[in-house]
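Some notes on the structure that comes next.
The values are calculated or read from the model by the stated rules, or taken from the named source; none is laboratory data. The shown structure was predicted, so the numbers you read here are calculated from the model rather than taken from an experiment. Because the Cβ atoms are built from the backbone with ideal geometry, glycine has one as well, and the counts that use them run over all protein chains shown. Protein only, heavy atoms only, side chains kept; ligands, DNA and RNA dropped before computing areas. Shrake-Rupley method; radii C 1.70, N 1.55, O 1.52, S 1.80 Å.
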Amino acid sequence: MTFGEQPAYLRVAGDLRQKIVDGSLPPHTRLPSQARIREEYGVSDTVALEARKVLMAEGLVEGRSGSGTYVRERPVPRRVARSGYRPTKGASPFRQEQAEETARGTWESRSEQEEATAEIAKRLGIRPGDRVMRTRYVFRDAGEQMMLSTSWEPLSVTGRTPVMLPEEGPLGGCGVVERMGAIDVVVDNVVEEVGARPGLAEELLALGGVPGHVVLVIERTYYASGLAVETADVVVPADRYRIAYHLPVK
């Protein structure tokens, strides 16, 4: 193989990928067998197998037990809105979107106290083992799981206050900015870092993905005068959703 030349399995995968994209291999069509790929492209069984593995890893095809490998339905990516700040009286971005008449979103959550791990303690600027309130969310769109979120708030800030439980009390379900403002904690900055990785088994089970699928992970932290008052991990399936940011111009 000369410099700059692709390995044979990537060339085969690229050609099959193009056929899937242009419709020559439409959804639910059986992918050519390993023997057929070998004959058509003049490659070895190993190359044919690796090419199929690439397409599976990309989520373009799926194996069906005892039947073969088939082209997957390609979902049209939908939008997940993100914004830096909300109005003084308002809910989270997801709740704001679901207020629209055409929206069909629902969510559920569960909060419980725990000790901060080393990673969460670092993000919140507290000591490992300090008590935090962890809240896990599952967001659905028309009944389909579309986003997971886990948030942590230091009980040194919210403990024994009306907003200790994010989804209960007089401000249950309101955004972090409004909830913190109710206890005289003024949020003045939020940082979001977006990355991608293979989804964990439990994440893909909850989101309806298959092993190897990629998820987008948003690591978000709210600050008040440099003090972290909430940090969260938001997980979104990358093949079905896009993250759209609406940022104010100052």
Q: Would you mind pulling out the separation of the Cα centroids of the range 1-75 and the range 163-208, in Å?
A: 40 Å
Q) So how strong a dipole does the range 165-239 carry about its Cα centre when Lys and Arg Cβ are +1 and Asp and Glu Cβ are -1, to the nearest 20 debye? A) 100 debye
Q: Putting +1 on Lys and Arg Cβ atoms and -1 on Asp and Glu Cβ atoms, find which of 145, 49, 26 reaches farthest to the positive end of the dipole of the chain.
A: 26
Q | Relative contact order, percent, the range 91-246 [alpha-carbon distance under 8 Å, six or more residues apart] | A | 20 percent
Q: In a Gaussian network model over the chain where Cα atoms closer than 10 Å are linked, find which of 31, 165, 207 has the largest mean-square fluctuation.
A: 31
**Q.** Percent accessible area from carbon and sulfur atoms, the chain, protein chains only, probe 1.4 Å
**A.** 53 percent
(Q) Among the complete DSSP H segments of the chain, which ones combine at least 15 Å of alpha-carbon extent along their axis with a mean Kyte-Doolittle hydropathy of -1.0 or more? (A) 8-21, 45-57
Q. How much area per residue is accessible in the chain when the probe is 1.4 Å and only protein heavy atoms are counted (Å²)?
A. 56 Å²
Q.
Could you sort the peptides 21-29, 198-206 by per-residue average Cβ neighbour count (10 Å cutoff), highest mean leading?
A. 198-206, 21-29
Q: Could you give the size of the charge dipole of the chain about its Cα centre, using +1 on the Cβ of each K and R and -1 on the Cβ of each D and E, expressed in debye and rounded to the nearest 20?
A: 360 debye
Q.
I'd like to compare 122-132, 69-79: which one has the highest average count of other Cβ atoms within 10 Å, and what's the full order after that?
A. 122-132, 69-79
Q) What ranking do 178-191, 108-121 get when scored by the average of other Cβ atoms within 10 Å per residue, highest first? A) 178-191, 108-121
**Q.** Unit charges on C-beta of K, R, D, E only; dipole of the range 1-74, Debye
**A.** 220 debye
Q.
Can you compute the helix-only [θ] at 222 nm over the chain? Use -39500 (n - 2.57) per DSSP H run of at least 4 residues, normalise by all residues, nearest 500 deg cm²/dmol.
A. -7000 deg cm²/dmol
